Amino acid sequence: MTQWLLDRTFRSASGDEVRWAVHGEGPADAPAVVLLHGTPFSSYVWRGVARALAARHRVFVWDMPGYGASEMREGQDVSLGAQARVFGELLAHWGLDGETDRPAVVAHDFGGCVALRAHLLHGARYERLALVDPVALAPWGSPTYRLLGGHPEVFGQLPPELHRALVREYVSSASHPGLHPAVLDRLVEPWCTPEGQPAFYRQIARNDQRFTDEIQPRYGEIGLPTLICWGAQDTWIPVAKGHELASRIPGSRLQVLEGAGHLVQEDTPAELTAALAEFVRTGR
């Protein structure tokens, strides 16, 4: 796994090509874990966690439509509502939607909303759920996020070098101590192709608060073992939201990670991996 490669393809009901992979060193019936990324990221942010969990689990990773290695195209529905539907399709494709084989689901940023919508609105069944700095509670979306999403046709016409500089600055702000240059390059690169530049602004424009407003009143219905991890220095979604979310999901546990911003996977990888490994194995 030194090279992060999604070597399998799924065609969604809407026609999007979704790239995915499964990692695991155990038997074919080893417990399954599914990792969901957020925006403007890709499954690459989960590479370390996936490597660690693969010793005991089958670990499924995927790039959502419009992200990373998956298809990016004009007119594509990359909203949180559409992503939740695609996630449900993938669970069925992987055989993880039955009574006897329910996965542990780990979701970051807007992947949290995707996982919550799939569970609460579409009947997706999980063994347990871990939410890492999730988009889950109103209000969300920074002033910069709203500005970019409000004018995709304008920002989509930026000269490539200015667009790259904007995306690098934006992605960098997700980390508290700062990202390694090679990691930053990898996170930014998918957005800097001819297809990626308009896709970057398209995915912001397609998402708004109604996708969490629809499910926020139902968090009290969640009956799964639930772990909430949050970076103490998250400037994108403050840790106060973590405390509020934990109060809304019955029996959930909040773990705050000092020294981490929004990209906890990059900022405190050992601490996050340890917490997730224990949770997906035991539910505690």
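The values are calculated or read from the model by the stated rules, or taken from the named source; none is laboratory data. No experiment lies behind these values; they were computed from the predicted model shown. Neighbour counts run over all protein chains shown; Cβ positions are idealised from the backbone, glycine included.
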Checklist line | Selection count, the stretch 18-38, where residues are closer than 24 Å to Arg125 by Cα and surrounded by fewer than 22 Cβ atoms within 10 Å (Cβ to Cβ) | finding: 11
Check: Residues in the stretch 68-101 that are in contact (Cβ under 8 Å) with a residue 60 or more places away in the chain and not small (Gly, Ala, Ser): how many?
Finding: 15
Next item on the list: Taking Val264 as the residue in question, decide whether it is surrounded by fewer than 23 Cβ atoms within 10 Å (Cβ to Cβ) and modelled with pLDDT of 95 or more.
Entry: no
Item checked: Residues of the stretch 187-213 satisfying the condition of being modelled with pLDDT under 95 and either touching a strand residue (DSSP E or B) at 6+ places or on another chain (Cβ under 7 Å) or of a type in the set (D, E, K, R) (or both) -> Glu195, Arg202, Arg206, Asp208, Arg210, Asp213
Next item on the list: With the checklist (1) on the phi < 0 side of the Ramachandran plot; (2) touching a Gly at 6+ places or on another chain (Cβ under 9 Å); (3) buried (at least 16 other Cβ atoms within 10 Å of the Cβ); (4) not in a helix (DSSP H, G or I) in hand, flag the one item Leu179 doesn't pass.
Entry: (2)
Next item on the list: Select from the stretch 1-16 the residues that are surrounded by 15 or more Cβ atoms within 10 Å (Cβ to Cβ) and touching a Pro at 6+ places or on another chain (Cβ under 9 Å) and list them in ascending order.
Entry: Ser12, Asp16
Notebook entry, point to check: When you scan the stretch 211-248, how many residues do you find that are without any contact (Cβ under 8 Å) to a residue 12 or more places away in the chain and assigned to a loop (DSSP other than H, G, I, E, B)?
Noted result: 1
Notebook entry, point to check: Can you tell me which of Leu158, Leu148, Leu121 is of a type in the set (A, V, I, L, M) and either touching a Lys or Arg at 6+ places or on another chain (Cβ under 7 Å) or modelled with pLDDT of 95 or more (or both)?
Noted result: Leu121
Notebook entry, point to check: Does the stretch 249-284 hold any residues that are over 26 Å from Arg56 (Cβ atoms) and free of Cβ contacts under 8 Å to residues at least 60 places away in the same chain, and which are they?
Noted result: Pro250, Glu258
Note to self: Scan the stretch 102-117 and tell me whether some residue there is out of contact with any Gly (no Cβ under 6 Å at 6 or more places or on another chain) and surrounded by fewer than 22 Cβ atoms within 10 Å (Cβ to Cβ).
What the structure shows: yes
Next item on the list: Could you identify the single residue in Arg146, Arg186, Arg102 that is of a type in the set (Lys, Arg), in a helix (DSSP H, G or I) and more than 17 Å from the chain's Cα centre (by Cα)?
Entry: Arg146
Note to self: Being of a type in the set (Gly, Ala, Ser), closer than 16 Å to Ala84 by Cα and in contact (Cβ under 8 Å) with a residue 24 or more places away in the chain is the filter here; which residues of the stretch 13-42 pass it?
What the structure shows: Ala13, Ser14, Gly38, Ser42
Check: For the subset of the stretch 63-99 comprising residues that are within 24 Å of Thr226 (Cβ to Cβ) and in a loop (DSSP other than H, G, I, E, B), which member is modelled with the highest pLDDT?
Finding: Met64
Check: Of Gly38, Gly15, Gly75, Gly66, which residue is under 14 Å from the mean Cα position of the chain (by Cα) and at positive phi?
Finding: Gly66
Notebook entry, point to check: Say we look at the stretch 149-162 and pick out the residues that are among the small types (Gly, Ala, Ser) and not in a loop (DSSP other than H, G, I, E, B); which of these is surrounded by the fewest Cβ atoms within 10 Å (Cβ to Cβ)?
Noted result: Gly150
